[in-house]
Amino acid sequence: MIEEKPGRDWTDLRGRLVELAINANIKIKYRSLSAQGYCLRFYDGTQVILVKEDDSIEEQAKTIAHEMGHLAHGHKWDISGPQPEQNEKEANIYGHDLLLILENVPGFVPTELLRAAHG
Ligand SMILES: [Zn+2]
């Protein structure tokens, strides 16, 4: 998962991630899950990120950033097993970068990432 940096305001980061997701037409739903999160893309284009509801806000923020990475990269969700290692790597890098951008550039909306999430 994403590397931890002490002193992060995870409540703020999660809020801004959710805002970004909404702008990218991604629905965030908090549910009782066995895993930390899932992302789904339906045939009508609807994108949903499911987040484990009883995780900490920090874990939820990391999960949302990571799952947005899967959607942005267009990774296919396979019910039969976990994502290939390469997909996990790409989602981790995306999530890591997204959190860094949100944290270090207040008010900046990363339109490139939004475009990626749309495509
Ligand atoms: Zn993943």
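Read-outs: derived from the displayed coordinates by stated rules, not from any lab. As the structure is a prediction and not an experimental result, all values here were calculated from the model. Here Cβ is always computed from backbone atoms with ideal geometry, including for glycine, and neighbour counts include all displayed protein chains.
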- Note on the structure: Once phi for every residue in segment 49-56 is put through the Karplus expression 6.51 cos²θ - 1.76 cosθ + 1.60 (θ = phi - 60°), the whole-Hz ³J(HN,Hα) values, with Gly and Pro written as x, are 10, 9, 10, 4, 6, 9, 6, 5
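Could the peptides 97-103, 25-31 be put in order, highest first, of the mean number of other beta-carbon atoms found within 10 Å of their residues?
Top to bottom by mean Cβ count within 10 Å: 97-103, 25-31.
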- Could you order peptides 66-76, 8-18 by the average number of other Cβ atoms within 10 Å of their residues, highest first? 66-76, 8-18
- Work out the length of the dipole vector of segment 10-109 about its Cα centre, built from +1 on the beta-carbon of each Lys and Arg and -1 on the beta-carbon of each Asp and Glu, and round it to the nearest 20 debye. 280 debye
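FRET efficiency for Leu100 and Glu58, Cβ-Cβ distance as r, R0 = 25 Å, nearest 0.05?
0.95
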- Fraction of the pair-distance distribution of segment 10-109 above 21 Å, Cα-Cα pairs, percent: 28 percent
